[in-house]
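Comments concern the structure below.
The values are calculated or read from the model by the stated rules, or taken from the named source; none is laboratory data. Remember, predicted model here, so these are calculated numbers, not experimental data. A quick note on method: Cβ atoms are made from the backbone with ideal geometry, for glycine too, and the neighbour counts reach across all protein chains shown.
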Amino acid sequence: MESIREQLQIFTRRFGLLNESCCDACCGEQVSMTQSHILFEVRRSGSPSMQQVAEELGIDVTTFSRQAKALEAKGLLSRSVSADDRRVTRLGLTAAGMRVLEKIDRYMAGRLEKVFGGMTLFERDSVVRSLGLLNDAVAKAGEDAVHSGGSIACCK
C-alpha cells in the first residue's frame, strides 16, 4: 500500500494540486483552489443549494459560506433564496464567474494535454478508466467511513 500512497503524493505535488491559489497564468483572478472547486461544482450541478455543494466538496457549511460570500463579493457567484423552500440558498454563476471558470477550463485543458500528449490513445483511455474506478472506490470508502463514524483520511 505504501506504493499507492507514494504515487498519489507524487502525483499531487507534480500536478500542482497543493498550490494555494490560481494565478495570473491561469485566470487572472485571485481564486483559491477551494473557490475554483466551488465554481466548477456550481456549474456542474446547475442551481445547487449551498448545502449540496458543501457536502459534495466535503466542506463544513460555515467554511463554505465564507467562501461563497468571498466569491459573491468578487462578482463571480450569485446567491438566491429558493422559491420552494425559503430556508434554502441556491447558488449560480454570474457572467463574470462563467468567464473565470472558462479561463480555468482552458488553462487546465492545456495542462492536461501536456500530461496526456505523450501517451497513446490506449494509455490515455486506461488512465481515464482507472481514475473513474479510483473515484468510485474513494466515494464508496467515504460512504462506508461516514456510516461507521470515521473518515478515510487521517484529518479533515
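Kindly check whether there is at least one residue in the stretch 124-132 that is touching a helix residue (DSSP H, G or I) at 6+ places or on another chain (Cβ under 8 Å), without any contact (Cβ under 8 Å) to a residue 60 or more places away in the chain, surrounded by 12 or more Cβ atoms within 10 Å (Cβ to Cβ) and among the basic types (Lys, Arg).
Yes, the conditions are met somewhere in the stretch 124-132.
State yes or no: is ARG99 surrounded by 14 or more Cβ atoms within 10 Å (Cβ to Cβ) and either under 17 Å from GLN30 (Cα atoms) or at pLDDT 90 or above (or both)?
Yes, satisfied.
Would you call ARG43 part of a helix (DSSP H, G or I) and at pLDDT 90 or above?
yes
Given (1) β-branched (Val, Ile, Thr); (2) buried (at least 17 other Cβ atoms within 10 Å of the Cβ); (3) farther than 30 Å from GLY110 by Cα, identify the lone condition not met by VAL31.
Checking VAL31 against (1) β-branched (Val, Ile, Thr); (2) buried (at least 17 other Cβ atoms within 10 Å of the Cβ); (3) farther than 30 Å from GLY110 by Cα, the one that fails is (3).
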